[in-house]
1. Quick one: accessible surface of E111, probe radius 1.4 Å, all protein chains present, in square angstrom to the nearest 10.
2. Under 5 Å between amide H atoms, partner at least 5 residues away or on a different chain: which partners does I169 have, H built in plane at 1.01 Å?
3. Put C154, C119, C12 in order of accessible area, largest first, 1.4 Å probe: what do you get?
4. Which far-off residues, 5 or more places away or on another chain, put their amide H under 5 Å from the one on L139, with H placed in the peptide plane?
5. Taking θ as phi - 60°, what are the ³J(HN,Hα) couplings along region 154-163 by the Karplus curve (6.51, -1.76, 1.60), each to the nearest whole Hz, with x for Gly and Pro?
6. Could you give the length gained by full extension between R37 and V123, i.e. 0.36 nm per residue of separation minus their alpha carbon distance, to one decimal place?
7. So how exposed is S34, as accessible area in Å² (1.4 Å probe, rounded to 10)?
8. R0 = 25 Å: FRET efficiency of K45 with D206, Cβ-based, nearest 0.05?
Amino acid sequence: LVRNNLALARSCDLGVPIRLIRGAGGDPAFSPDSGYRYDGLWFVKQYWREPGKAGLDVWRFELVQGEHGLSDSEEGGEIEVPSGEVAPLIRESVRRSASRTSQLADFIKQEYGYQCQICETVVQVPSGHYAEACHIRPLGKPHRGPDLATNMLCLCPTCHVRFDKGALIVLDDLAVFDQIQGHKFGTLQIADWHSIDRNELRWHRDHHRLA
């Protein structure tokens, strides 16, 4: 991830909108007849790497339109902090998403005692322990991973984010490799009852490889 691709990825990770400008000559359903057109604020929902038509890897970015009430600060001027809302309105929305089986996720976390399978941390909170069920191959478009125990891990919030973003990958010998630091981070711990689909781990590794 470099230059414009890196900027888009950071926009996704930080939840910062981008300003979309469309030029003529593209898909007629979206492009202006001539020149350029400003299409407002959009957000990068997700990004991933996949083989392109020429055989080389390319980065894909899914954009969704929205407004967060952000304004540009003047160059060299004071930083303008968004005002926010004292009593934010509750807005109802309807969206389509892949259905997740919460019972399965809860089972995975409970059976691991809420211990992260990567760093072995148990996060303690006032109500007890906290962990997250992570899908190795994400559900829904465009990846369409299965909502099965073979495609799930019990992770702490930090390892979950790093795994989802590809900072951590799992090698064939179950060694967890830190792609940012360039060294082994640990070993994926797998309980005897938990059968993990190695093809899903391979998909994750190929999908997020940095080199």
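1. 100
2. It is F177, Q179, by chain and number.
3. C119, C12, C154
4. G145
5. Result, rounded to whole Hz: 9, 10, 6, x, 5, 5, 4, 5, 5, 5.
6. Values: separation 86, 0.36 × 86 = 30.96 nm, distance 4.85 nm.
Gain on extension, R37 to V123, equals 26.1 nm.
7. Accessible area of S34: about 90 Å².
8. Details: r = 22 Å, r/R0 = 0.87.
Between K45 and D206 the formula returns 0.70.
The values are calculated or read from the model by the stated rules, or taken from the named source; none is laboratory data. Computed from a predicted model, the values in this text were never measured in an experiment. All Cβ positions, even for glycine, are placed from backbone atoms using ideal geometry, and neighbour counts span all protein chains on display. Side chains are part of the model used for accessible areas, which takes the heavy atoms of the whole protein and leaves out ligands, DNA and RNA. Shrake-Rupley method; radii C 1.70, N 1.55, O 1.52, S 1.80 Å.
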